[in-house]
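Take a look at the structure set out below.
Every read-out reported here was derived from the displayed coordinates using simple, explicitly stated rules and does not represent laboratory data. Everything numeric in this text was worked out from a predicted model, so none of it was measured. Don't worry about glycine lacking a Cβ; one is built from the backbone with ideal geometry, like all the others, and counts go over all protein chains shown.
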Amino acid sequence: MQTLPLHMIDSHFHLLSIERKGIEVDSLLNTMQEHSMEGIDIGLDANDLTARAKRFGGYPFVHLSGGIGPWGVKEGEAPIDSQLETLQEQLIKTNAVAIGEIGLDNHWDYGSKVNQEGLLTAQMEIAEQRNLPVIFHNREADEQFITLLRSRGFSRQGVFHCFQGGEELAKLAIHKGFYLSFAGPLTYKANKGMQELFTKMPAERILLETDSPYLSPNPMRGRVNTPLNMEHIYRFAAELRGIELTDLIQQVKTNFHSFLRA
Ligand SMILES: [Zn+2]
């Protein structure tokens, strides 16, 4: 058994993608279980929820979300309406705890802002109907998200995953009841602004995640990421905030359960 701290939450990972990178996911899940880890296996497209439920539904510490990311509007993808229909069918058959990841991405060339916003808001409606929180993906879209958040209320507290936005969006998101989840990039030397922002955010609104298999934290950068690397993120984050590791782990666990209402 590896010596990892106990009870770490990883609020965002993609197990099927980790598996595709050549990691033994069943032994990974066993190690996570041995260390009382808990987290959410996150959806990427309309089709993956049922398959993930079949594959990981037996692990009670793995929650599932379902959603179509901004890449769903790429040329060559199925029409948006049929993707949304597929997602709805799969949500009925599984017990997803959140809708996501969904969002806006101006970094990659996925498709027009209008189409991305259409797909995003349609899924925000689904989340409202199903009384589920949303998991937002934001890449270089602070302004659009600011406009969107200002124009709406949310019945459930959502989360901005892998937060890389600016202070204005961070403050508004907190004001609207959202959580901000920080990932491996928090540990990168170049991200001083993000680190400073992180230390200013209220403790009760912080979540932490790996976004595995992507974005490995220091000192694992460049390798395939897994939820076991949460240790590096927790240690770095605790040091930044000047608090004990065990206190941060407990705080994030409390936050995560209030996000899930579980
Ligand atoms: Zn993700």
query: Cα to Cα, under 27 Å, and not fewer than 8 places away if on the same chain: which lysines meet these conditions relative to LYS189?
result: LYS21, LYS171, LYS200, LYS253
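I want the local charge near ASP26. Using Cβ-Cβ distances under 10 Å, sum +1 for each Lys or Arg and -1 for each Asp or Glu among the other residues. Don't skip to the end; give the middle numbers.
Values: positive: ARG55; negative: GLU19, GLU24.
Combined, the nearby Lys, Arg, Asp and Glu give -1.
Determine the calculated [θ] at 222 nm for the chain from helices alone, applying -39500 (n - 2.57) to every DSSP H run no shorter than 4 residues and normalising by the residue count; nearest 500 deg cm²/dmol. Mind dumping the intermediate values first?
Values: 10 runs with 112 residues, N = 262.
Per the formula, -13000 deg cm²/dmol.
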- request: Let me know the volume per residue of the alpha-carbon convex hull for region 80-216, in Å³.
  value: 121
task: Treating cross-link reach as a plain straight distance, find the aspartates and glutamates whose alpha-carbon is under 17 Å from the alpha-carbon of LYS93, omitting any fewer than eight places away in the same chain.
output: ASP41, ASP45, ASP48, GLU85
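Compute the relative contact order of the chain as a whole-number percentage, counting only Cα pairs closer than 8 Å that sit 6 or more residues apart in sequence. Working shown, then result.
On the way: 482 pairs, mean separation 49.6, N = 262.
Relative contact order for the chain comes out at 19 percent.
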- line: Check: C-alpha center region 171-189 vs C-alpha center region 19-48, spacing in Å is 22
field: Rg/Rg_ref, the chain, where Rg_ref = 2.2 N^0.38 Å and atoms are Cα
entry: 0.94
